[in-house]
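Taken together, the values in this text are just the output of simple stated rules run on the coordinates, not laboratory data. Computed from a predicted model, the values in this text were never measured in an experiment. Glycine gets a Cβ as well: all are built from the backbone with ideal geometry, and neighbour counts include every protein chain shown.
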Amino acid sequence: MSKKTNTLIMKQKILKYSILSAITIVIVLFAVCEGFLRYALMPEDNNHSTKVWVDSVRTCGMLRDTFIVNNDGDSLHGWYVRAKVPTEKTAILIHGYGDNGLWMGHIASIYDSLLHYNILMPDLHSFGKSQGKWVQMGWKDRLDVLLWCKIAEQMFGAKDIVLHGVSMGAATVMCVGGEPLPSSVRCIIEDCGYTSVWDEFRNQLDEQFGLPPFPLLYLASALCKIQLGWSFGEASPLSQVAKCKVPMLFIHGGNDTYVRTEMVHRLYAAKKGQKALWIAPGSGHARSIDDHPSEYAKQVETFCDKYMLTN
């Protein structure tokens, strides 16, 4: 066999192994990305112990539940409590990552005992009793919350609705705010929401694993787009807030390292029109109401009294 033939065979082998190595790397990267996507968007269901308020309304038979079907055909569950005195004012409360509607009981108590509103607490897609395999990080959830607004109008005759969310729930209500809203939605309260899924995952990838965004986050985002129909950058409360036309109250812990406090300043700056900002001194993520319960309730009451129109 000639030297030229040997060289050609050697080049073919190198090319073959190079292609196989590249394919292997791609497979491994996609496997890692799939793992990251499952880690991020398929968390275990953490059932928080119910708060005193939840126990009280359950004991007296006021806590009820209902189901709806969203545009994708998934059954979604929600808890609700009617105001003791009939009213057209309703608070729709959206929980955070890994929780369910009942976790919002500590905030619901403000709307029940202090403001005397009807209360609706949905379980987001894949949480609580709602169907779904993947967490939507507030992005597709925005469409489900719009459906819940219609349900509140039918169920309570609601003409004044406040949307109030915490963490991922805050991202959800901000995303809702950028959509065409029913006239019944008067204002939005977001508590410690992130600017975008990309920003939050990038921060967590760095803090928890010490990894840069490339290549894992880029590939995981592309995989999310293929599997779920949206990318991490597309899921942007920041972009939605810039389109929001209803008043919005921004709440954030002054020492939040999970959803960094600097994010709220970017969100607040993006919001045009009527808005308010409260930074809870020294509070970590989703701890503002626990650390400053009286001031938290005062911020909510003052904001709602200003923008909820009916008596």
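Counting every pair of alpha carbons in the stretch 99-238, the share spaced more than 22 Å apart comes to 42 percent. Between the listed residues GLY253, TRP278, LEU267, the Cα displaced farthest toward the positive end of the dipole of the stretch 253-311, a dipole computed from Cβ unit charges relative to the Cα centre, is found at LEU267. As a rough guide to protection, the peptides 259-266, 302-309 ranked by mean Cβ packing within 10 Å, highest first, stand as 259-266, 302-309.
Where Lys and Arg each count +1 and Asp and Glu each count -1, what net charge lies around HIS292 among other residues with Cβ under 13 Å from its Cβ? Residues close to HIS292 contribute a combined charge of -2.
Compared with the direct C-alpha span, the chain from ASP291 to ILE226 gains 19.3 nm at full extension, assuming 0.36 nm per residue.
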